[in-house]
Amino acid sequence: MTVVLSEKAAHEIESIIEQQNLEKDAVCLRVGVKGGGCSGFSYVLDLTETRRDNDEEWEQHGVRMICDPKSLLYLDGTEIDFRDEIMGRGFVFNNPNATTTCGCGSSFAV
């Protein structure tokens, strides 16, 4: 299992790539985690052309995704969705590995 990107999130990523005039064939969505945030770890989403030798790579809904093996330990099985609601818009992470999450939804603990 890897990280799952919803169709709505993929559409938003493609829209961002187009808005920023990035080359779709060269750009990947880097998914990862870093230390910090309210709960211990923060999610990372980045559009990049840089790949590392040990990156895992896969494609969903036309979006190429990459993740380093260490982050994948924390993210395996996570679904990334996109919400556009009155109270705000942004990417939402549904991480089955998280034991707690913060109120803003951008950090978690395991």
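Some points to look at:
- In this entry, segment 4-109 is assigned a mean projected area of 6.8 nm², taken as a quarter of its C-alpha convex hull surface.
- Close amide H contacts of residue 5 (hydrogens built in the peptide plane, cut-off under 5 Å, sequence separation of 5 or more or a different chain): 80.
- Whole-number percent relative contact order across the chain, with pairs defined as alpha carbons under 8 Å at least 6 apart: 31
- Dividing the summed -39500 (n - 2.57) terms of all DSSP H runs of n ≥ 4 by the residue count of the chain sets its mean residue ellipticity at 222 nm at -5500 deg cm²/dmol.
- Under-5 Å amide H pairs with residue 65, H placed in peptide plane, nonlocal only: 29, 58, 59, 60
- DSSP finds beta bridges in the chain, and of those with both partners inside it, around 85 percent are antiparallel.
Each value in this text was obtained by applying a stated rule to the coordinates, not by laboratory testing. The model shown is predicted, which means the values in this text are computed figures rather than measured ones.
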